[in-house]
Ligand code: MCA
Ligand code: AMP
């Protein structure tokens, strides 16, 4: 099935009807669409070493500079590669080695800036810095030499995400893929130019990049970047200025806890203010029914739960109008076909469990530089999500878990247990290690590691192993607990039995 996608996000943002509207805001300033385009045009020229199709990586905190750089990259018809501000050098360098960017844009105020600058230059990339707050940004639209805007088929975005094995892979989406993802959501969730979203999500993943930021810009709406501290979020949600909020279940749990611990007058103010929101959305991980109920009790809103993946954008969503069923992720979004199949790829009847497959113009085009992985991810033109699900009454889908026990979702982030194990095997005191995700009230799942000490004079503590991991892995990939054991439970072929490792933590 194909949906005609004739425009792209960069073309859409230049709609003269949006020009004077607020595009981006933070706690000190607002940027109109004209100002944002002016800054993007300035970046288009500054990024001159890069040609169409080149990758441009950028380490810039979520906010107006981040968005201007991203749009400047697209104005050159280059591929945007967002880097995570929370990642240590080893993770950032993996992306540089894999994506081979021509240019790397770096905010010098960030902690990893100087190391990344050296790493980028050592790999032959040009580096550019973003202006510091004391340098007044170019605010007027400077047209510069005309350039053809990116075409729908041009590659647009390379997002790195963990697979079942090895290091994270780059998921490449074209402008057409993105436009299909955005139009499905803006239609389904009723976005208009009057919306203002409070954005507290990271911008190196689809949730923050597409669902929150790109949908706002596509609609001529305002995107406000704010701090993620629960009390600050509550104050903004209750301000009467915000219409939309999206986050992961962990964040809703934290907001609920903050509300419960607040004094009575503050609670009343937050609840009364938040009742005026238009929509609150949860995704990236299963939303527990009690969190949905408690949020409804506090704000009067039934969280809209949806399901998606970096490779496909959003595929399933509870409705804007109509029943939002707890424990379910709703129905296929406009333009998406979703089915449940058995192990041989045959669709199963409603109610039966199987793998979720998706076919849609939203689906990504390739894993960067990994043709075999790309081929293996599709069966007869359908993308195999690796998630288990079933279809219930009224066609509502349920997610029943991952097919691979080695994929863990913690606080909305996907982590490959095998990748974490591989990193820890490089520790001189670790002979062997097995990483599992255990159910956890706040994180959904939390990483734990059972490990076998090598023959070393001193066995490191769990805190030391955690600190060691944080220097090498993204913070959410570092196990929260370490359990030393004389051996790991293994089957006849030597494969570690993860179910038994899980039980080790229950003892
Ligand atoms: C931080 N830590 C974590 C996580 N985040 N540990 C496990 N899981 C995590 N997700 C570590 C920190 O390093 C810290 O360690 C300790 O846990 C507590 O950190 P804290 O300051 O409380 O965390 P935070 O910085 O406030 O972050 C929590 C968070 C964040 C806001 C929930 O994890 C987050 O932004 N999650 C959203 C991720 C997301 O956008 N996912 C979308 C991808 P220590 O105490 O030792 O210092 S999925 C996607 O895009 C698809 C398409 C989809 O469906 O949406
Ligand atoms: P990522 O690869 O980081 O984009 O994460 C995508 C994965 O998040 C999916 O394959 C699902 O396993 C999970 N996911 C996203 N939304 C939901 C949801 N509403 N319920 C359960 N799992 C979800």
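A short reminder: the numbers here are calculations on the coordinates, not readings from a lab. On a predicted model such as this, the values are computed, not experimentally measured, just so you know. Cβ sites come from the backbone with ideal geometry, for glycine too, and all protein chains shown count toward neighbours.
Some observations on this one:
- For the chain, the C-alpha radius of gyration sits at 0.97 times the compact-globule guess of 2.2 N^0.38 Å, with N the residue count.
- Pairwise FRET efficiency - residue 456 versus residue 129, Cβ, R0 = 45 Å, nearest 0.05: 0.60
- Segment 1-74 - percent relative contact order, Cα under 8 Å, separation 6 or more: 30 percent
- Bridge orientation summary for the chain: considering DSSP beta bridges with both residues in this region, about 60 percent are antiparallel.
- Segment 24-108: antiparallel DSSP beta bridges as a percent of all, rounded to 5: 20 percent
- Relative contact order for the chain: 12 percent, from Cα pairs under 8 Å spaced at least 6 residues apart, divided by residue count.
- Note on residue 504 and residue 442: the extension gain reaches 20.2 nm, defined as 0.36 nm multiplied by sequence separation minus the Cα-Cα distance.
- Note on residue 269 and residue 342: their simple-model spin labels are 6.0 nm apart, each label 7 Å out from Cα toward Cβ.
- Between residue 229 and residue 425, the simple spin-label model (points 7 angstrom out along Cα→Cβ) gives 4.3 nm.
- Largest first and in whole Å, the equivalent-ellipsoid semi-axes of segment 188-337 read 23, 18, 14, each the square root of five times a Cα gyration tensor eigenvalue.
- Taking max minus min of the alpha-carbon positions on each principal axis, segment 1-93 gives extents of 44, 43, 32 Å, largest first.
- With helices as the sole contributors, the chain gives -8500 deg cm²/dmol at 222 nm; each DSSP H run of n ≥ 4 counts as -39500 (n - 2.57), and the sum is divided by every residue.
- Least to most buried among 246, 309, 493, 314 (fewest other Cβ within 10 Å first): 493, 309, 246, 314
- Solution diffusion estimate, µm²/s, Stokes-Einstein, segment 279-352, Kirkwood Rh from C-alpha pairs, 4 °C, viscosity 1.567 mPa s: 96 µm²/s
- Rg ratio (alpha-carbon, reference 2.2 N^0.38 Å) - segment 210-268: 1.24
- Using a simple spin-label model with pseudo-atoms 7 Å out from Cα toward Cβ, residue 492 and residue 15 lie 6.4 nm apart.
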